[in-house]
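**Q** A single structure is presented below for examination.
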Amino acid sequence: MKEKRITPREVEERFGVGPEKVVDVLGLAGDASDNVPGIKGVGEKTAVKLIRQYGSLEEVLGHASEVTGKLGENIAAGKNDALMSKKLVTLHADVPLKLDWDYFELPQPEQDRLNEFYRKMEFSRLVEDSAEADKKHLEEKKEPKREYEMILKEKDLSRWIDRLGKSKEGFCFDTETTSVDPLRARLVGISLSDLPNSACYIPLGHSYLGCPDQLPKNEALGRLKPLFADPAIPKYGQNAKYDMEVLSGEGVEIRGLQGDTLIASYLLNPESAHNLDHLAREYLDYETLKFSEVVGRGETFDSVDVATACRYAAEDADVTFRLVSKLHPLLKKGNLSECYEKIEIPLIDVLFRMETHGVLVDVPLIGLLDAEFSSSLDRLQKEIHQNAGVEFNLNSPKQVADLLFGKLLLPRQRKTKTGYSTDVDVLMELSTMHPIPRLLADYRVLSKLKSTYIDQLKNLIHPKTGRIHTSYNQTVAATGRLSSSDPNLQNIPVRTEEGKRIRSAFVAPPGWKIVSADYSQIELRLLAAFSGDKSLKKAFAEDRDIHRMTAAKIFGIDEEKVASRQRSAAKTVNFGIMYGQSPFGLSKQLEIPVSVAKTYIDEFYRLYPLVSKYREKVFDEAKKSGMVHTWQGRRRMIPEINSRNNNLRSNAERAAFNTIFQGSAADLIKIAMINIDRKLAAGRAGAGLSKTRMIMQVHDELIFEVPENEVETVKCFVKREMEQALPCEVPLKVDVGVGNNWAEAH
């Protein structure tokens, strides 16, 4: 489809005949794309030659005896197929049309209207340059004049400080720096806005030839400190935690943060984009000046001329200020204000403190682990090559596929765009047939751990603090869970020996201990509370082993006779229900027949009947509203739950049910973090609790760095705060451990 106008001339160039003869050609040659058979052995070139010679399909069939050889035999034998094929490809020309033929001619598109639609639907790549369209778009928007002021004089800074200090609506702030890592970045400038289309930029660190004199950084920041530290003045940002960490490095404390447009956007639609350019386009119908248009490749912001920097930076603060008035009413309308104001915004301060404090790493141990992992990888590689009888690149999916399916002749599973899949599911499927797939899976896991953690941990140690400062992300996981990066703490395996070895590298300083506090079976406890199932609630109230209890019912035996493998299978069933696991999925995980897996699931619902009813209630409500909500009102859009496609609908149902419990667990631990942080900061945690710091959060676990003389107090304090973070019908349980490193404490 080349957007080309096809006239009779183009038809003849393509088919070798006029438009009126195309059906005759297709009658002979067929059309495989539409399952039109034609005559066996007759291709398009032969068909064109025959139609040119005899004039029509019927004439060709009538003169079949004149065509010599195999072709003539095929034409005679395929008469019926040819006539049927011509009928299949012939359009009905006798349909009455009320409109003239000229009406159907494709006119030029109305580009201005299309562009308007494309912008609304966020099809930015489809927006075409059109002077008329752009002119009309700008006229309709009637953008007011923007007043962006560059601050190079002390008197102008004083005027803005006085103005912002009197602002009832508060102000937005933004920093420009030399790095995306806030703890390694150098401050280049600050932008501020307290009115729509009005902002200022204070350059503090531009350093290019011919750069004008800027205000001395220390003096300017000294003047700004009281303004930023005043909690009575509302403050807003876009990804404010980054700016807080940058300014903290300069000795400037931010208090009174009341909003973050990045987080507001995330709460409104977790699976949308949340960057400022996108938000400006979506909510303000405004195109921002892009970073790539301002900063050259390989350069940093300090090389940008101050006039351009002012236009860019002031716009960021201005757009953020305008977005606040757009997004906050939407949060209120969506009943999300409480989650925003009571959980997500206060959590910024908590994460800020955790990130800036960081966690100590045992560097010699990292070196030892590097050697151990490298040795294990070499051993696995040799073992795989020996079993294969040939050397190949273990990191090449193509070479792995050639070995598995070409040399070893193992059954091919799923085909991808680049060949047959060799992902972990395929390797596990094939592992029962040959030892190499299992060895390859082990090699990949170990290689990933080495590259993600061992190779990176040394480079992530901050040169000034000697610690690793993980970045926590509030706006990544659609369920509401926190994620982390540099390093990603969430993906370190819990149960494998390699995962434990990596965790042992996160250590306490001399004279200190690591304390780990982990919610026990939190999602199952929430399932009991939300569903109201009496058996589940009773089991947790009596502090019984829920997995052993389920195993006893599934296998029809007494609880004291349940073997460890049976308990493990029941645990898989219990948590599988949480994630909407199908009998097929459970059968693969437990390596049992699908029929047996279905029996296990049916027995679970028989044992806990209200869980099934609650699940159906969740689905019914999601189908009506297109979304699900967590304990504290967080929402996730699930539009595919009404899809006619069974796979899409099933995936949506699993996501809906899973989100309620993962998201509610996320709500719970965030509230616990806020409460613990506030009490530690205010000295209300307990006698002598003065130096304890919360340093990490991973799924349902909080990790603390604690002086040895505070350990017992911290254990009681943290356990109490986590178990009482929110009132719940089912008792919440927290397991607390202590050690010299994370692995020992967990």
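The values are calculated or read from the model by the stated rules, or taken from the named source; none is laboratory data. Quantities reported herein were computed from a predicted structural model and do not represent experimental measurements. Note: areas computed on protein heavy atoms with side chains; ligands, DNA, RNA excluded. Shrake-Rupley method; radii C 1.70, N 1.55, O 1.52, S 1.80 Å.
**Q** Give me P(r) over the range 500-580, computed from all C-alpha to C-alpha distances, binned every 5 Å, as integer percentages.
**A** 3, 13, 18, 19, 14, 10, 9, 9, 5, 1, 0
**Q** Let me ask you something else. Using the heavy atoms of the protein chains and a 1.4 angstrom probe, tell me the accessible area per residue for the chain in square angstrom. Spell out each step's value before the answer.
**A** Values: 38530 Å² over 746 residues.
Heavy-atom SASA per residue in the chain reads 52 Å².
**Q** Can you give the calculated 222 nm mean residue ellipticity of the chain, where each DSSP H run of n ≥ 4 adds -39,500 (n - 2.57) and the sum is split over every residue, rounded to the nearest 500 deg cm²/dmol?
**A** -15500 deg cm²/dmol
**Q** For the range 667-746, which whole percent of the accessible surface, found with a 1.4 angstrom probe, sits on carbon and sulfur atoms? Numbers along the way, then the final one.
**A** Values: 1480 of 3260 Å².
Roughly 45 percent of what the probe reaches on the range 667-746 is carbon or sulfur.
**Q** Which percent of the accessible area of the range 196-249 is formed by carbon and sulfur heavy atoms (probe 1.4 angstrom)?
**A** 52 percent
**Q** Once a ≥ b ≥ c are taken as the square roots of the eigenvalues of the Cα gyration tensor of the range 322-453, is the result rounded (a/c under 1.5), prolate (a/b larger than b/c) or oblate (a/b not larger than b/c)?
**A** It comes out oblate by the Cα gyration axes.
**Q** What is the extension gain from Lys290 to Asn709, computed as 0.36 nm multiplied by their sequence separation minus the C-alpha to C-alpha distance, in nm to one decimal?
**A** 145.6 nm
**Q** Leaving ligands, DNA and RNA out of it, rank Phe117, Phe530, Phe604 by accessible area with a 1.4 Å probe, largest first.
**A** Largest accessible area first, the residues go Phe117, Phe530, Phe604.
**Q** Related question: Pairwise over distinct Cα atoms, reciprocal of the mean inverse distance: report the Kirkwood radius of the range 1-101 in Å, one decimal place.
**A** 14.4 Å
**Q** Here is a follow-up. Taking only the alpha-carbon atoms of the range 643-714, what semi-axes of the equivalent ellipsoid follow from 5 times the gyration tensor eigenvalues under a square root, in whole Å, largest first?
**A** Taking √(5λ) for each eigenvalue gives 40, 11, 7 Å, largest first.
**Q** Next question, about the same structure. Nearest 10 degrees, 0 to 90: what angle lies between the long axis of helix 594-607 and the longest principal axis of the chain (Cα atoms)?
**A** It is inclined by approximately 50 degrees.
**Q** Next question, about the same structure. Please give the helix 564-578 orientation as an angle from the longest Cα principal axis of the chain, in degrees from 0 to 90, rounded to the nearest 10.
**A** Computed tilt is about 80 degrees.
**Q** Tell me the Kirkwood radius of the range 134-248: reciprocal of the mean inverse pair distance over distinct alpha-carbon atoms, in Å.
**A** Final number for the Kirkwood radius of the range 134-248 is 15.5 Å.
**Q** Starting at 0 and stepping by 5 Å, how many percent of the alpha carbon pairs of the range 620-666 end up in each bin?
**A** Values per bin, smallest distances first: 5, 26, 33, 21, 10, 4, 1.
**Q** Taking the chain as the reference, fit the longest principal axis to its C-alpha atoms, fit the long axis of helix 711-723 to the helix C-alpha atoms, and give the angle between the two in degrees, 0 to 90, nearest 10.
**A** For 711-723 against the chain, the angle is about 50 degrees.
**Q** Hey, another quick one. Over the Cα atoms of the range 253-344, what is the Rg over Rh ratio if Rh follows Kirkwood?
**A** Using only Cα positions, Rg/Rh for the range 253-344 is 1.04.
**Q** Now for a separate question. Computed over the Cα atoms, what is the radius of gyration of the chain divided by 2.2 N^0.38 Å, N being its residue count?
**A** 1.24
**Q** In square angstrom, rounded to the nearest 10, how much accessible surface does Arg693 have for a 1.4 Å probe?
**A** 80 Å²
**Q** Find how many whole Å separate the alpha carbon centroid of the range 1-30 from the alpha carbon centroid of the range 319-395.
**A** Cα centroid to Cα centroid, the span is 58 Å.
**Q** Full-extension gain between Glu59 and Val424, please, as 0.36 nm times their residue separation minus the C-alpha to C-alpha distance.
**A** Net length gain for the segment: 125.4 nm.
**Q** On the accessible surface of the range 344-493, probed at 1.4 Å, how many percent belong to carbon and sulfur atoms?
**A** After summing per-atom areas, the C and S share lands at 50 percent.
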